[in-house]
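Q: Can you read through this structure? Questions will come right after.
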Amino acid sequence: MTGKTICVLSDSCAAPVVSGIKKFRGEFEAYLAGKRQPVMVA
């Protein structure tokens, strides 16, 4: 989506997701593989 659309908001919408994946890639992969449960914070 980033840089692929005429919508000016697309870059700002994708930035938090890309940043989260870069910083917590191992946790995302463990969750997707079923090795880890999501943490619920109240």
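Q: Please specify each residue of segment 14-42 satisfying the condition of being surrounded by 11 or more Cβ atoms within 10 Å (Cβ to Cβ), modelled with pLDDT of 85 or more and not in a helix (DSSP H, G or I).
A: PHE24
Q: Looking only at residues that are surrounded by 10 or more Cβ atoms within 10 Å (Cβ to Cβ) and in contact with a helix residue (DSSP H, G or I) (Cβ under 8 Å, 6 or more places away or on another chain) in segment 1-13, which one is modelled with the highest pLDDT?
A: Of everything passing the filter in segment 1-13, THR2 is modelled with the highest pLDDT.
The values are calculated or read from the model by the stated rules, or taken from the named source; none is laboratory data. Please read all numbers here as calculations on a predicted model, not as lab measurements. All Cβ positions, glycine included, derive from the backbone under ideal geometry; neighbour counts span all protein chains shown.
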